[in-house]
Amino acid sequence: MSSSCSATVFNNLRPRSKAYQFASENTAKSLEFFCNFTRDEGAVPIDQRGDTVLHLLAIKGNVDALRNLIQADHFLDEMLLRKNANGNTALHEAAMSGQKDVTETLVRKKPDLVSERNSLNETPLYLAAAFGKSEVFTILEIYSSNCRIRRHDGSTILHAAIEGEHYSWATGLLGLAIHILESYPDLADKHDEKGMTALNLLASKPSSFKSMSSYVLKDLSRTPFVPLQMLEAVVYKFIKTSTVLKSPVADNVEDPPTDNRVGISMVERPFFIRVILGYWFFGKIYHAKQEHEVVEKLANKLIEKEYWSHYIDCESIDPEVSSFGIPSMKKNKVNDPLIQAATFGILELVTAILEKNPEAADSFDENGRNILHIAVEQKHRFLYEYLMSSLAYKDRMLADIDNRGNTILHLASCVENPATSNSRIIDVASQWRVDYHVGTIRTKRGSVEVVNQMSWDVLWFKRVKHDIYPHLWHLRNMDGMTAEELFEENRSSLREEAEKAAKHVSANLIFVAILIGTVNFAALFTVPGGFNQNTGDPMLLSGHPQEMQLFMIYIGLALFFAFLSLTNLVLIQVSRFDTNDFHIAIPVKSIISSVTIMYSTGLSATAYCQGYILESRPGTFIATFMILYMVFVWYVLALVMVDTTVSTFDYMYYAIFNLLAYKSSDI
């Protein structure tokens, strides 16, 4: 009944509506319809996009219908050249959709189609690169006489592949972007209308690099659930990719290889490894690591082909001298990839650039800040540590002053969190004396992260202050403020919010600690089996001394940790919440409170299981269940503790490390 109704509705459709429906079908009826439709209607637009029958067949990949129509000469050359509202021919649509067979059919019929451009001046080859359709790209590349044609904004096919983050073939045989770069090396230094080269584009994609991903054990604050991130990072570390970058090798030493492309060969894996990698969890980590390796190799090749003299232009420096005795405009005319990489905190890219071009370290952005300034401003602590350990002229760079008279210590006063390397990019030049986080923090009242933010900011300021020359501590910027005055002004609202958050969280935990302590205190005097009225000893002590002693130990430890947690929570409540309190005192109290209340909770659950076993003497099944229950409770508590306290532990590790470094350097 339903099929007959559908057939009736379909028969009542207009011819153009039927063409829209038949485009994805490959039946004798559909082929007959298209022959009649193209003979009667020709290449008329079917929808508001201006698509013809040829466009729809190309999008759906209906190659059989297309070939039959071409063989029957229903498509004249002008029909093949017909464009839709976006200026796309059928070949453009086939390239975007990745229809390999349709693409091959069209270019064989009319090779000139590969040179057609749409409204944005894009060729089918450009769209294949932009959409990552590698197989279609290979076909179009063969028929294209000029693969260096640019889009209307100056973008090349290499720009397109990198912009779309299409770094490798879907089949894994060859890196798409690397293939383009090796085949057309002159595209490496081509700028678009914004002055962006392929390396500039790659430097603006931090998520493509390992250092900015969530698979880094050094930075465990990038995902909502820290234990899962830790597991992913461990799997990422030990998982082996199956790709090996291979340079072309000539069969004869005297004859150079004709194909200079760099291939990515697949290493054969055992069957059970392929099965494991087929699961979503392991598969996504495997593909992420494989992409990170390909991107790093692509970055190295782009840097090798980069002429860094392009970024050193003395004429771009304004001869006007500011009141601080430095050029007021220390900037380059073109975008500097090193400045971009430092802004986004891409450690791999900064390392590779400085290894091949060490003179690039003396680059400046439009605000007159060097890469050390940028690393401090954006709170990229891992990048900062690398630069401090590797730069040859770091002392001079630390002493540099930007166009607004700010030292590197002024830049350290920006309200950001160095615990996360992928921090927000802030235009400090236009919002220098603004408290950037007031609105965000007020929406998170009571969050422990606000306290961690304040602690990180204090530590970061002290860390940078220790590295620079003392005479810069009191230097005033163009607003007449020292770095310390600017720090206090920018932290006034943040410190108030951190104080409210610390008191709010500790007040709630005080109630929990009192509740746990009360329950365990009561359990201490109401032990299972009761007390002997004559001796006052627990009744079960004589029959089961070891089990009873364990019960008392669990109760006693739970009570001890509850009182210890309560003491630290009260100390947080009565703290002064001075700026220096957030450096060591409050983080230490927070860690002790969190750990002790978790231990108290776990020991209370363990005491409950022990008391139940003592009281009821269950069988093997129940006893096993109680043991599993106890293990489950401790497991959940461990996950909660890791998820809630890892950022504070990370902070304390970094703080203690810096304190020891300060002492050793002072000695």
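All conditions in (1) among the aliphatic types (A, V, I, L, M); (2) under 26 Å from residue 60 (Cα atoms); (3) at pLDDT below 90 hold for residue 130, with the sole exception of (3).
Of all the criteria given as (1) at pLDDT below 90; (2) under 21 Å from residue 111 (Cβ atoms); (3) open to solvent by less than 60 Å² (accessible area, probe 1.4 Å), the one not satisfied by residue 176 is (2).
Is it fair to say residue 9 is of a type in the set (Val, Ile, Thr) and modelled with pLDDT of 75 or more? Lay out the reasoning, then the answer.
Working: of a type in the set (Val, Ile, Thr): yes; modelled with pLDDT of 75 or more: no.
So residue 9 does not fit the description; no.
Note on the stretch 53-171: enclosed helices (runs of 4 or more DSSP H) holding 3 or more residues that are within 30 Å of residue 207 (Cα to Cα), open to solvent by 10 Å² or more (accessible area, probe 1.4 Å) and free of Cβ contacts under 8 Å to residues at least 60 places away in the same chain are 90-97, 134-143.
Quick grid of which residues meet (1) part of a helix (DSSP H, G or I); (2) within 22 Å of residue 551 (Cα to Cα); (3) not β-branched (Val, Ile, Thr):
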site	(1), (2), (3)
586	yes, no, no
615	yes, yes, yes
624	yes, yes, no
635	yes, yes, yes
645	yes, no, no
657	yes, no, yes
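Restricting 595, 570 to residues that are open to solvent by 60 Å² or more (accessible area, probe 1.4 Å), modelled with pLDDT of 90 or more and either among the hydroxyl-bearing types (Ser, Thr, Tyr) or farther than 30 Å from residue 413 by Cβ (or both) narrows the list to 570.
Within the stretch 606-619, residues that are closer than 24 Å to residue 635 by Cα reach partners that are buried (at least 16 other Cβ atoms within 10 Å of the Cβ) and of a type in the set (Val, Ile, Thr) with beta carbons closer than 7 Å, at six or more positions or on different chains, in the pairs 607/555. Within the stretch 183-206, the set of residues being modelled with pLDDT of 90 or more and either within 16 Å of residue 292 (Cα to Cα) or of a type in the set (Asp, Glu) (or both) comprises 186, 199, 201, 202, 203, 204, 205, 206.
Please determine whether any residue of the stretch 554-565 is hydrophobic (A, V, I, L, M, F, W, C) and either closer than 17 Å to residue 627 by Cβ or in contact with a Cys (Cβ under 8 Å, 6 or more places away or on another chain) (or both). No, the stretch 554-565 contains no residue that is hydrophobic (A, V, I, L, M, F, W, C) and either closer than 17 Å to residue 627 by Cβ or in contact with a Cys (Cβ under 8 Å, 6 or more places away or on another chain) (or both).
How about the stretch 23-47: which of its residues are modelled with pLDDT of 70 or more and part of a helix (DSSP H, G or I)?
Kept after step one, since they are modelled with pLDDT of 70 or more, are these residues of the stretch 23-47: 23-39, 41, 43-47.
Once the filter is applied, which keeps residues that are modelled with pLDDT of 70 or more and part of a helix (DSSP H, G or I), the stretch 23-47 yields 28, 29, 30, 31, 32, 33, 34, 35, 36, 37, 38, 39.
The values are calculated or read from the model by the stated rules, or taken from the named source; none is laboratory data. Owing to the predicted nature of the structure, the values given are computational and were not obtained by experimental measurement. Cβ atoms come from the backbone with ideal geometry, glycine included; neighbour counts cover every protein chain shown. Ligands, DNA and RNA are excluded from the accessible area calculation, which covers all protein heavy atoms including side chains. Shrake-Rupley method; radii C 1.70, N 1.55, O 1.52, S 1.80 Å.
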